[in-house]
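Worksheet for the structure shown next.
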Amino acid sequence: MKYIRRSQDRGQVDLGWLKSKHSFSFGHYHDPKHMGISALRVINDDMVMPSQGFGTHGHRDMEIISYVIEGALKHEDNTGNKYVVPAGDVQRMSAGTGVMHSEFNASSTSPVKFLQIWIQPNVSGVAPSYEQKSIKQQGQLTPLITPNGSEHTLSINQNAKLSRLMLKDGEKFTLNSEQSVGYLHLVKGSLLVDDLVESEQEFVAGDAFALDPEQGHQITATSALEALWFNLPS
């Protein structure tokens, strides 16, 4: 196994209106051992209080993905997009030559919980673009984002793929990174990696691990599991 990231070891931020856990170095949290995996630069596990959010700010040359876990996120940007992103939807914004946007909790009564994911693009200076979709789970592993947006997925400016893994308690699945770097981030539930030593084989929500190209592991869900599986450039 290439890399293990435990939930409790992530960088933590508490601003009152925002409670966040950073898988990789971000903002005031810096750790040279955790700078990202391949083109995956950021996974922030954000909880935003009612009616609060990230005010208008800018980005360039970054693929920014929001995966809403609970509640709903209100998005606005300077290219005219105004959308509410409910739980289960996936949002992708390509910042390209530059975009100004805000992300707020759409509710005045309940928090919103979402993963903020940044992937470095393989091309710079493209026109900003925005996509949002609700993608129904098809089997255990369902593609959400692919390089060309094939099979009703969102597209991305990188040779990368993001899929959602859903397993019932007791179900098994074999992760295979194929020609890419694999990265699994647990959103909900827990699992065992069958061929690791006992002290390392259990993973819970917020935990993650990476696999080298051509590496595989069989996993077993020990409770209802929801996870994001990344195939990233090697």
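The values are calculated or read from the model by the stated rules, or taken from the named source; none is laboratory data. Only a predicted model underlies this, so the values are computations on that prediction, with no experimental measurement involved. Backbone-built Cβ (ideal geometry, glycine too); neighbour counts: all protein chains shown.
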Give the residue, chosen from D212, D195, D207, that is at pLDDT 95 or above and either within 16 Å of the chain's Cα centre (by Cα) or among the charged types (D, E, K, R) (or both).
D207
Given the structure, is D45 surrounded by fewer than 16 Cβ atoms within 10 Å (Cβ to Cβ), touching a residue at least 12 places away in the same chain (Cβ under 8 Å) and under 23 Å from L184 (Cα atoms)?
no
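Determine which member of the set S134, S102, S124, S129 is in contact with an Asp or Glu (Cβ under 7 Å, 6 or more places away or on another chain), surrounded by fewer than 17 Cβ atoms within 10 Å (Cβ to Cβ) and under 23 Å from S163 (Cα atoms). Write out each step before concluding.
Working: S102 fails: under 23 Å from S163 (Cα atoms); S124 fails: under 23 Å from S163 (Cα atoms); S129 fails: in contact with an Asp or Glu (Cβ under 7 Å, 6 or more places away or on another chain).
After ruling out the rest, the residue left standing is S134.
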Would you mention how many residues in segment 149-171 are touching a residue at least 40 places away in the same chain (Cβ under 8 Å) and small (G, A, S)?
4
Segment 49-63, subset touching a Ser or Thr at 6+ places or on another chain (Cβ under 8 Å) and not in a loop (DSSP other than H, G, I, E, B), residue nearest to Y3 (Cα to Cα):
E63
Test each condition in (1) at pLDDT below 95; (2) closer than 16 Å to L40 by Cβ for L184 and report the one that comes out false.
(1)
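Name the residue that is nearest to M35 (Cα to Cα), counting only residues in segment 138-152 that are loosely packed, with under 13 Cβ neighbours inside 10 Å and not charged (D, E, K, R).
Just the residues of segment 138-152 that are loosely packed, with under 13 Cβ neighbours inside 10 Å, to begin with: 138-139, 148, 150-152.
This time we only want the ones that are not charged (D, E, K, R), so: 138-139, 148, 150, 152.
Values: Q138: 33, G139: 33, N148: 27, S150: 30, H152: 31 Å.
Filtering segment 138-152 for residues that are loosely packed, with under 13 Cβ neighbours inside 10 Å and not charged (D, E, K, R), the one nearest to M35 (Cα to Cα) comes out as N148.
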Just need a number here: residues in segment 176-204 that are surrounded by fewer than 19 Cβ atoms within 10 Å (Cβ to Cβ), free of Cβ contacts under 8 Å to residues at least 60 places away in the same chain, among the hydrophobic types (A, V, I, L, M, F, W, C) and within 26 Å of F114 (Cα to Cα).
1
For segment 12-48, enumerate the residues that are of a type in the set (S, T, Y) and outside any loop (DSSP other than H, G, I, E, B).
S20, Y29
Show me the strands (runs of 3 or more DSSP E) entirely contained within segment 151-234 in which 1 or more residues are among the hydroxyl-bearing types (S, T, Y) and under 30 Å from A127 (Cα atoms).
161-167, 181-188
Based on what the data block shows, is T109 surrounded by fewer than 19 Cβ atoms within 10 Å (Cβ to Cβ), within 15 Å of the chain's Cα centre (by Cα) and at pLDDT 95 or above?
no
So, of the residues in segment 133-148 that are without any contact (Cβ under 8 Å) to a residue 60 or more places away in the chain and of a type in the set (V, I, T), which turns out to be nearest to L73 (Cα to Cα)?
I135
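Kindly indicate whether any position in segment 141-160 is touching a Phe, Trp or Tyr at 6+ places or on another chain (Cβ under 6 Å) and hydrophobic (A, V, I, L, M, F, W, C). First the steps, then the outcome.
Just the residues of segment 141-160 that are touching a Phe, Trp or Tyr at 6+ places or on another chain (Cβ under 6 Å), to begin with: none.
For segment 141-160, residues touching a Phe, Trp or Tyr at 6+ places or on another chain (Cβ under 6 Å) and hydrophobic (A, V, I, L, M, F, W, C): absent.
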Quick check on K19: is it farther than 23 Å from S134 by Cβ, basic (K, R), buried (at least 16 other Cβ atoms within 10 Å of the Cβ) and more than 14 Å from the chain's Cα centre (by Cα)?
yes
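Here is a list: D14, D61, D89. Which entry is modelled with pLDDT of 95 or more and surrounded by 14 or more Cβ atoms within 10 Å (Cβ to Cβ)? Working first, answer last.
On the way: D14 fails: surrounded by 14 or more Cβ atoms within 10 Å (Cβ to Cβ); D89 fails: modelled with pLDDT of 95 or more.
When all the criteria are applied, what remains is D61.
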